Amino acid sequence: MTSSCRLIDSHAHLEELEDLASALERARQSGVVAIVAVGSDPASNRKVLEIAAKYRGFVYPAIGLHPGLLNDTASPIDDQIRFIEENLSDAVAIGEVGLDYHKRVVGVSSKDLQHRAFGAVLGLAKRYGKPVIVHSRYAWRDSFALAAEADVDKAVFHWYTGPTNVLKDILDRGYFVSATLAVEYHAEHRRAVREAPLDNLLLETDSPVVYQGHRSEPADVSRVLQATADLKGLDPEEVAERTTANAQRLFGLECRILDS
Ligand SMILES: [Zn+2]
């Protein structure tokens, strides 16, 4: 295997994949050496921790509370935040967390509630020195502002599609953005990936999100790599090496994955 194949999927919802074992095997075969599995709510956080324990050294867990899923009355926000804090030592990051101002989302999770939840987990990130994996759809400016106010050191604004001026603030602060399969076709995402320097870029799939009819899985990070390299006019091998090194550093992943 050449070094160009050594990829990290920095954001996947593994607990939502239908045949996880096969998907992980296909990922390995396509050069994926690590996956950051993100949680969205109490049930998925538990599953993510279980999956990571089962595939130790390949799957690394992040636990969070997705802005669109805050109104689970069975698990009040304070309980969810306590769960995250209690299990944080087993996780490489806090995520998926953030803000989402899509009308449908705000209808079920008010902006107030979203700010309260995001503020609380940013406090944990700061206190425990953990990176945050941020969902910021239509809330790019506020998401950045809250992270910066909380003085969080490490953050990735995943699948970034926001305006250039917010992107500039994200980059100036040393935060990251991540490219998904939408880099193949989505104008705003392509602009952001083009504008972000390699030093601030990660690759991901957000599996099993469906892109133009294709249900994604972690193996597709090789397609994200190719499209990103084409877009930036760079050698895929260089993009793979640099983005993998970024993910390793940001999430503190074991370095032995580069020596295998
Ligand atoms: Zn996601």
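The values are calculated or read from the model by the stated rules, or taken from the named source; none is laboratory data. Keep in mind that what you see is a predicted model, and the values were worked out from it rather than measured. Cβ: placed from backbone, ideal geometry, glycine included. Neighbour counts: every protein chain shown.
Before moving on, here are some points about what is shown:
- Scanning segment 145-166 for residues being surrounded by fewer than 23 Cβ atoms within 10 Å (Cβ to Cβ), part of a helix (DSSP H, G or I) and in contact with a helix residue (DSSP H, G or I) (Cβ under 7 Å, 6 or more places away or on another chain) gives a total of 3.
- Scanning segment 48-101 for residues that are more than 19 Å from the chain's Cα centre (by Cα) and outside any helix (DSSP H, G or I) returns Asn71, Asp72, Thr73, Ala74, Ser75, Pro76.
- Test: residue in segment 238-252 that is modelled with pLDDT under 95, at negative phi and buried (at least 19 other Cβ atoms within 10 Å of the Cβ): no
- Of the residues making up segment 38-92, just one is small (Gly, Ala, Ser), touching a Pro at 6+ places or on another chain (Cβ under 7 Å) and modelled with pLDDT under 95, namely Ser75.
- Sole exception among (1) farther than 20 Å from Val132 by Cα; (2) away from the ligand (no atom under 16 Å from the Cβ) for Gln80, by number: (1)
- Matching residues, segment 1-19, being within 16 Å of the ligand (Cβ to nearest atom) and either over 18 Å from the mean Cα position of the chain (by Cα) or surrounded by fewer than 24 Cβ atoms within 10 Å (Cβ to Cβ) (or both): His13, Glu15, Glu16, Leu17
- Flag for Ala219 being surrounded by 15 or more Cβ atoms within 10 Å (Cβ to Cβ), within 22 Å of Ser44 (Cα to Cα) and more than 16 Å from the ligand (Cβ to nearest atom): yes
- Selection within segment 190-216 - among the small types (Gly, Ala, Ser) and surrounded by 19 or more Cβ atoms within 10 Å (Cβ to Cβ): Ala192, Ala196, Ser207, Ser216
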